[in-house]
Amino acid sequence: MWQPGLAAEALTLAEFNRGTAAEMRWMWVDRFTEFVSGSHACGLKNVSLAEEVLDGYFPGFPMFPPTLVIEGMAQLGGVLLAEHFGWEKRVVLAKVGKAVFHQAAKPGDQLHYRVVLESTQEHGAIASGTSHCDGSLQAEIDLMFAFLDDQRFADGPLFNPGELGTMLRLMKMFDVAVDAQGKPLDLSDKL
Amino acid sequence: MSATSEEIFEKVQAALVDALGVDDDEVTPEATLVGDLGAESIDFLDIVFKLEKAFNITIPREDLSPEDILTNSQFVKDGIVTGEGMGELKRRMPWADLSKFEQNPRVQDFGNLLTVQDMCNYVATRIGG
């Protein structure tokens, strides 16, 4: 039987609040299912009629906005890249090189995202992503990320201390994350 | 066997069409990346990724963006690149046609200098074509 207090990975209320402050509640992946450092990340997105974003996007035809499929994959890819650079870079989505949608994501659908890091540079990276639903291709996305440089964007870190780490724990990243040699990744103290 | 200039042009053209969302026929050798093809600063990173992949090379940032020269007071006076600065630019970018820029070398105009042909020339120097 599930007992919340016994879950090893359970967050304290303070930790939870830190990761879900109203302005930061922008999580478009429900759960990481695979994460191999420097290689790829996979995650699930469950589409629910209870989500407000389905209300107004296409009235009368509830569907998950394709832009948020891109955002979910960008979150997987961004985390993949940030981890690859030791959480030292401020990673932002800079460009969507390609976005092809083969079918609408509808309430009850479970989207399986897979994002592969294709190439990295000192100033950014490119990644390619796919979304599958019930085994068939739902979307194909190419992403380009850039690192904010300290001269032009001297606004400090993108996240408050502890915030990103909490979000990633909520998404179960550290339950599945391994380094390039297959060794489990721990929550970094930089998060 | 080294690539012919036609092969290089075709791959550079494909990279630019992909990165900038322009048509094939817009990517002529004399077209400037910024003025004619509408490249923005973030596109240069994309172009670099696509050229690296197409030609299997790595492109250091300073090769295509000599910002360190253009912001160095030793090489720039009152927004104009000095003779010494021009020498430095030519050493850094021997593949670029700087003749027009040299006539009135205002730093603010440098951003719109590079042409498709310059990119082809650069790639040729890197792959020995």
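The values are calculated or read from the model by the stated rules, or taken from the named source; none is laboratory data. The shown structure was predicted, so the numbers you read here are calculated from the model rather than taken from an experiment. Every residue, glycine among them, receives a Cβ derived from its backbone with ideal geometry; neighbour counts consider all protein chains shown.
Answer yes if at least one residue in the stretch B:37-46 is modelled with pLDDT under 95 and among the β-branched types (Val, Ile, Thr), and no otherwise. Yes, the conditions are met somewhere in the stretch B:37-46.
Which ones in the stretch A:33-67 are more than 19 Å from A:Ala139 (Cα to Cα) and either part of a loop (DSSP other than H, G, I, E, B) or of a type in the set (Val, Ile, Thr) (or both)? Scanning the stretch A:33-67 gives A:Val36, A:Ser37, A:Gly38, A:Ser39, A:Leu49, A:Ala50, A:Glu51, A:Glu52, A:Pro59, A:Gly60. What is the one condition in (1) assigned to a helix (DSSP H, G or I); (2) within 13 Å of chain A (Cβ to nearest Cβ) that B:Ile59 does not satisfy? It fails just one condition, (1). Which one is farthest from A:Glu71 (Cα to Cα) among residues in the stretch A:131-158 that are surrounded by 18 or more Cβ atoms within 10 Å (Cβ to Cβ) and more than 14 Å from chain B (Cβ to nearest Cβ)? Result: A:Cys133. Against the numbered list (1) assigned to a helix (DSSP H, G or I); (2) within 14 Å of chain A (Cβ to nearest Cβ); (3) surrounded by fewer than 16 Cβ atoms within 10 Å (Cβ to Cβ), B:Gly38 comes up short only at (1). Restricting attention to the stretch B:64-89, the residues being within 22 Å of A:Lys95 (Cα to Cα) and modelled with pLDDT of 90 or more number 0.
Among the residues of the stretch A:116-130, those that are within 14 Å of another protein chain (Cβ to nearest Cβ), of a type in the set (S, T, N, Q) and in contact (Cβ under 8 Å) with a residue 12 or more places away in the chain comprise A:Thr120, A:Ser128. Taking the listed residues A:Glu23, A:Glu88, A:Glu9, the one that is modelled with pLDDT under 95, in contact with a Lys or Arg (Cβ under 7 Å, 6 or more places away or on another chain) and surrounded by fewer than 11 Cβ atoms within 10 Å (Cβ to Cβ) is A:Glu9, with no other qualifying. Of the set (1) over 17 Å from B:Ala96 (Cα atoms); (2) within 12 Å of chain A (Cβ to nearest Cβ); (3) surrounded by 14 or more Cβ atoms within 10 Å (Cβ to Cβ); (4) of a type outside the set (A, V, I, L, M), all apply to B:Phe44 but (1). Taking the stretch A:49-81 as the range and being in contact with a Pro (Cβ under 6 Å, 6 or more places away or on another chain) and touching a residue at least 40 places away in the same chain (Cβ under 8 Å) as the test, the residues that pass are A:Leu49, A:Leu54, A:Pro62.
With the checklist (1) in contact with a strand residue (DSSP E or B) (Cβ under 9 Å, 6 or more places away or on another chain); (2) at pLDDT below 95 in hand, flag the one item B:Ser99 doesn't pass. Only one criterion is unmet by B:Ser99, namely (1). Going through the stretch A:80-115 one residue at a time, which ones are within 22 Å of A:Leu185 (Cα to Cα) and either within 14 Å of another protein chain (Cβ to nearest Cβ) or in a loop (DSSP other than H, G, I, E, B) (or both)? Listed by number, the residues that qualify are A:Leu81, A:Phe85, A:Gly86, A:Trp87, A:Glu88, A:Lys89, A:Arg90, A:Val91. For first residues located in the stretch A:87-111 and in contact (Cβ under 8 Å) with a residue 60 or more places away in the chain, partners that are outside any loop (DSSP other than H, G, I, E, B) and charged (D, E, K, R) and lie 6+ apart or on another chain with Cβ distances below 6 Å form the pairs A:Leu111/A:Lys45. Can you confirm whether the stretch A:168-185 contains a residue that is aliphatic (A, V, I, L, M), surrounded by fewer than 18 Cβ atoms within 10 Å (Cβ to Cβ), in contact with a helix residue (DSSP H, G or I) (Cβ under 7 Å, 6 or more places away or on another chain) and outside any helix (DSSP H, G or I)? Yes: the stretch A:168-185 contains one or more residues that are aliphatic (A, V, I, L, M), surrounded by fewer than 18 Cβ atoms within 10 Å (Cβ to Cβ), in contact with a helix residue (DSSP H, G or I) (Cβ under 7 Å, 6 or more places away or on another chain) and outside any helix (DSSP H, G or I).
When restricted to residues that are within 14 Å of chain A (Cβ to nearest Cβ) and either charged (D, E, K, R) or free of Cβ contacts under 8 Å to residues at least 60 places away in the same chain (or both), the stretch B:3-21 contains 7. Considering (1) surrounded by 16 or more Cβ atoms within 10 Å (Cβ to Cβ); (2) more than 14 Å from the chain's Cα centre (by Cα); (3) within 16 Å of A:Met144 (Cβ to Cβ), the lone condition that B:Gly21 does not fulfil carries the number (1).
Checked against the criterion of being crowded, with 16+ Cβ neighbours inside 10 Å, touching a Gly at 6+ places or on another chain (Cβ under 7 Å) and not small (Gly, Ala, Ser), the stretch B:1-14 contains one or more residues that satisfy it.
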